[in-house]
Amino acid sequence: MKTAIITGASSGLGREFVRQLADVFPDIDCYWLIARRKDRLEEMAEGLPDKTVECLGLDLCDTMSFVALQEKLTAEQPEVAMLINNAGCGYLGNLGEVETSTQTRMIDLNLRALTAVTNMVIPFMPAGSHIINVSSIASFCPNPRMTVYSSTKAYVSSFTVGIAEEL
């Protein structure tokens, strides 16, 4: 059964990816939806009666979430036809004025989680599968008060080009 894995699926662009995926890729039968708010994922799953939906309430800033995802991948051996790395966050504020934990949260989610999830999922993706990494126009032009965010999104854009060549 072809599977799509979507991070940050509970709201915004992630929710929209889930809503439109069946129209664009009707042969994907199973969705693994990942977000912190499992209740929102379950609500979305109710609107997908023709699909098998797994709602994974994972916080991708928590290392144990990677352990849980790796265990699920290993146990179920899914045929992942689509990976959508949408989970991310951005906070405004000058470096040195915003809490360090806020700045490192952006790095953990926008970089570490995207890299870890991709690395774990690729072995389950046959040739012809797709990866969508959500970046930002901010990746092309560093912005004051968004220095860390812009930098993380520059990584996402560069990472995407690099893995496209590798794969």
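The values are calculated or read from the model by the stated rules, or taken from the named source; none is laboratory data. Since we're looking at a predicted model, the values are computed, not measured. Reconstructed Cβ throughout: ideal geometry from the backbone, glycine too, with neighbour counts over all protein chains shown. Note: accessible area is taken over every heavy atom of the protein model, side chains too, but ligands, DNA and RNA are not part of it. Shrake-Rupley method; radii C 1.70, N 1.55, O 1.52, S 1.80 Å.
Consider residue 121 against the criteria (1) out of contact with any Ser or Thr (no Cβ under 8 Å at 6 or more places or on another chain); (2) open to solvent by 70 Å² or more (accessible area, probe 1.4 Å); (3) in contact (Cβ under 8 Å) with a residue 24 or more places away in the chain: it satisfies all of them except one. Which criterion is unmet?
All conditions pass for residue 121, except number (2).
Report yes if some residue within region 74-87 is touching a strand residue (DSSP E or B) at 6+ places or on another chain (Cβ under 9 Å) and in a helix (DSSP H, G or I); otherwise report no. Give the steps one after another, and end with the answer.
Initially, region 74-87 is screened for residues touching a strand residue (DSSP E or B) at 6+ places or on another chain (Cβ under 9 Å), giving 76, 78-87.
Applying the additional criterion that residues be in a helix (DSSP H, G or I) yields 76.
Yes, because at least one residue in region 74-87 is touching a strand residue (DSSP E or B) at 6+ places or on another chain (Cβ under 9 Å) and in a helix (DSSP H, G or I).
In the list 94, 86, which residue meets the criterion of being of a type in the set (S, T, N, Q) and surrounded by 13 or more Cβ atoms within 10 Å (Cβ to Cβ)? Break it down stepwise before answering.
Numbers: 94 fails: surrounded by 13 or more Cβ atoms within 10 Å (Cβ to Cβ).
After applying the criteria, what remains is 86.
Only one residue in 81, 154, 75, 68 is open to solvent by 70 Å² or more (accessible area, probe 1.4 Å) and at pLDDT 95 or above. Which one? Full working, then the answer.
Working: 81 fails: open to solvent by 70 Å² or more (accessible area, probe 1.4 Å); 154 fails: open to solvent by 70 Å² or more (accessible area, probe 1.4 Å); 68 fails: open to solvent by 70 Å² or more (accessible area, probe 1.4 Å).
After applying the criteria, what remains is 75.
Hey, any hits in region 131-138 for a residue that's more than 23 Å from residue 19 (Cα to Cα) and at pLDDT below 95?
Taking region 131-138 and keeping what is more than 23 Å from residue 19 (Cα to Cα), we get 137-138.
Filter once more, keeping what is at pLDDT below 95: 137-138.
Within region 131-138, one or more residues are more than 23 Å from residue 19 (Cα to Cα) and at pLDDT below 95.
Just name the residue that is farthest from the chain's Cα centre (by Cα) out of those in region 8-42 that are of a type in the set (Asp, Glu) and in a helix (DSSP H, G or I). Before the answer, list the steps.
Narrowing region 8-42 to residues of a type in the set (Asp, Glu): 16, 23, 27, 29, 39, 42.
After this cut, where a residue has to be in a helix (DSSP H, G or I) as well, the list is 16, 23, 39, 42.
Working: 16: 13, 23: 20, 39: 18, 42: 17 Å.
Only one residue tops the list, namely 23.
Limited to region 97-115, what total is found for residues that are under 17 Å from residue 156 (Cα atoms) and either assigned to a loop (DSSP other than H, G, I, E, B) or open to solvent by 30 Å² or more (accessible area, probe 1.4 Å) (or both)? Outline the logic, then answer.
Of region 97-115, the ones under 17 Å from residue 156 (Cα atoms) are 103-115.
Filter once more, so that each one left must be either assigned to a loop (DSSP other than H, G, I, E, B) or open to solvent by 30 Å² or more (accessible area, probe 1.4 Å) (or both): 104-105, 107-108, 111-112, 115.
So the answer is 7.
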